[in-house]
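Heads up: the structure comes next, in structure tokens.
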Amino acid sequence: MTPRELRALCLSFEAAVEDFPFNPETSVFKVQGRLFALSALDSRPLTVNLKCDPEDAIRLRARYQGLIVPGYHMNKRHWNTVTADGGLPDRLLRELVEDSYDLVVAGLPRAERLRLDRP
């Protein structure tokens with residue numbers, strides 16, 4: 001997946017926005033002000049931090065050693081750093097980004113979730 005494709009994927013979700021709160025090189029993708037993906041899109045290899053169910057995070061790290069690791073500068077129980085430059089199937093990467101978005105939306109107040117059509 002290219003940086004352009006990763007950005008487009010993250011922004012394809014309802015109410016998703018890109019922000020740069022840390023520096024101009026680090027894209028932070030949010031929904032309703034809450035982070036669901038973080039990436040330095042110009043970095044090589046291309047990586048992205050994504051929220052993950054803790055049990056799934058452990059399973060994914062074991063299966064994709066070196067490509068999915070505990071989240072860099074994040075809560076290691078709930079976040080993974082995923083190498084997005086071709087080592088993983090694009091379908092899996094898309095699912096991981098969507099899962100991250102869904103986990104964040106699930107933590108929003110019910111009224112906000114309903115506005116996003118994600119009860």
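What follows is calculated from the coordinates using simple rules that are stated; it is not laboratory data. Small disclaimer: the values here were computed from a predicted structure and weren't measured. No Cβ is skipped: glycine too gets one built from the backbone with ideal geometry, and neighbour counts run over all protein chains shown.
In the set Glu112, Glu55, which member is touching a residue at least 12 places away in the same chain (Cβ under 8 Å) and charged (D, E, K, R)?
One residue alone meets the criteria, Glu112.
Against the conditions (1) under 17 Å from Leu6 (Cβ atoms); (2) touching a helix residue (DSSP H, G or I) at 6+ places or on another chain (Cβ under 8 Å), where does Val105 fall short? Just the number, please.
For Val105, the failing item is (1).
Can you pull out the helices (runs of 4 or more DSSP H) entirely within the chain that have at least 3 residues that are buried (at least 16 other Cβ atoms within 10 Å of the Cβ)?
In the chain, the matching helices (runs of 4 or more DSSP H) lie at 3-11, 54-63, 90-106.
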